[in-house]
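Peer 1: One structure, as structure tokens, below. Some questions next.
The values are calculated or read from the model by the stated rules, or taken from the named source; none is laboratory data. This structure is a prediction, so every number in the text was calculated from the model and none was measured. For neighbour counting, all protein chains shown are included, and Cβ atoms are generated from backbone atoms with ideal geometry for every residue, glycine included.
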Amino acid sequence: MLVCQCNVISRRDIVSTIQDFLAEDEWQFITPLKVYHSLNKRGRCCGCFPNVVDIIVETTEAWHREKATPEAEVIDFLDKLRAEHERMTQERAQANRERVDARLRKKKLRAA
Ligand code: FES
């Protein structure tokens, strides 16, 4: 299944990359940028990033389930991962609001 249309990256490519990272260090913080960098790609529209974050969480959960990592450690780690995702989502929304506000201010200045 294609996850990133801009770079033609499949779910399988992403999962495989995440598993490689987890094999190196199963507690490292994996981001969409890190995954794309590893694939020699980069975000263009970045519309796929929320789905990539979901795949990171699912793959990380499956990894630790398979390794029988104590559940409390996994839950704590995934909570941190989700919190970071939420923080990034809020920052992106704030940046979009500021961009829209700046455009509106420019339009008003031109109209005046
Ligand atoms: S869909 Fe992935 S960067 Fe645009």
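Peer 1: Could you check how many residues of segment 9-34 are more than 21 Å from residue 83 (Cβ to Cβ) and either modelled with pLDDT under 90 or of a type in the set (Asp, Glu) (or both)?
Peer 2: Residues meeting the conditions: 3.
Peer 1: Can you tell me how many residues in segment 29-47 are under 14 Å from residue 15 (Cα atoms) and either aromatic (Phe, Trp, Tyr) or touching a strand residue (DSSP E or B) at 6+ places or on another chain (Cβ under 8 Å) (or both)?
Peer 2: 2
Peer 1: Report every pair of residues separated by at least 6 positions or lying on different chains whose Cβ atoms are under 8 Å apart, first residue within segment 35-55 and farther than 21 Å from residue 83 by Cα, second β-branched (Val, Ile, Thr) and more than 11 Å from the ligand (Cβ to nearest atom).
Peer 2: 38/17; 39/17
Listed here are the residues, each with its yes/no results for (1) within 16 Å of the ligand (Cβ to nearest atom); (2) not polar (S, T, N, Q).
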| residue | (1), (2) |
| --- | --- |
| 39 | yes, yes |
| 44 | yes, yes |
| 49 | yes, yes |
| 52 | yes, yes |
| 69 | no, no |
| 77 | no, yes |
| 87 | no, yes |
| 90 | no, no |
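Peer 1: Here is a follow-up. If you go through segment 1-34 one residue at a time, how many are touching a residue at least 40 places away in the same chain (Cβ under 8 Å), more than 24 Å from residue 74 (Cα to Cα) and more than 12 Å from the ligand (Cβ to nearest atom)?
Peer 2: Qualifying residue count for the region: 0.
Peer 1: Looking only at residues that are among the charged types (D, E, K, R) and farther than 26 Å from residue 33 by Cα in segment 61-112, which one is farthest from the chain's Cα centre (by Cα)?
Peer 2: 110
Peer 1: Could I ask something else about it? Taking segment 25-38 on its own, how many of its residues are more than 13 Å from residue 52 (Cα to Cα) and of a type in the set (A, V, I, L, M, F, W, C)?
Peer 2: Final tally of qualifying residues: 2.
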